[in-house]
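Shown next, in structure tokens, is the structure this report addresses.
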Amino acid sequence: MRNPTLRHFILQQRALTLYRQAVRATRYIPDPDARKETIAWVRAEFERNRRVDDVHLIEEKLASGRRELKQILPFLPPPVLRK
């Protein structure tokens, strides 16, 4: 990407936010191996799309990622409250 626009910087922050949300969601996966595998998959997906610079494509991928995370969250066990 030669000259990133303000929109690119905004989308970069949104991508980082989505990445953090996805990684945080893995905290509730009880099996440590499954948790590591899920984090590796999330990271690989973000790395695979790292060089995308088309604003519309980035927006589509972020929306898709948010939808996938939203679909997965109900299947994770609820967090254990510590006293």
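No lab work stands behind these numbers, since they all come straight from the coordinates. Every value quoted in this text rests on a predicted model; they were computed, and no experiment measured them.
Relative contact order for the chain: what percent, with Cα pairs under 8 Å and sequence separation of 6 or more?
Numbers: 33 pairs, mean separation 36.0, N = 83.
About 43 percent, as a whole number.
What the pair-distance distribution of the stretch 6-74 shows, using all Cα-Cα distances binned every 5 Å from zero, is 3, 16, 27, 25, 15, 8, 4, 1, 0 percent.
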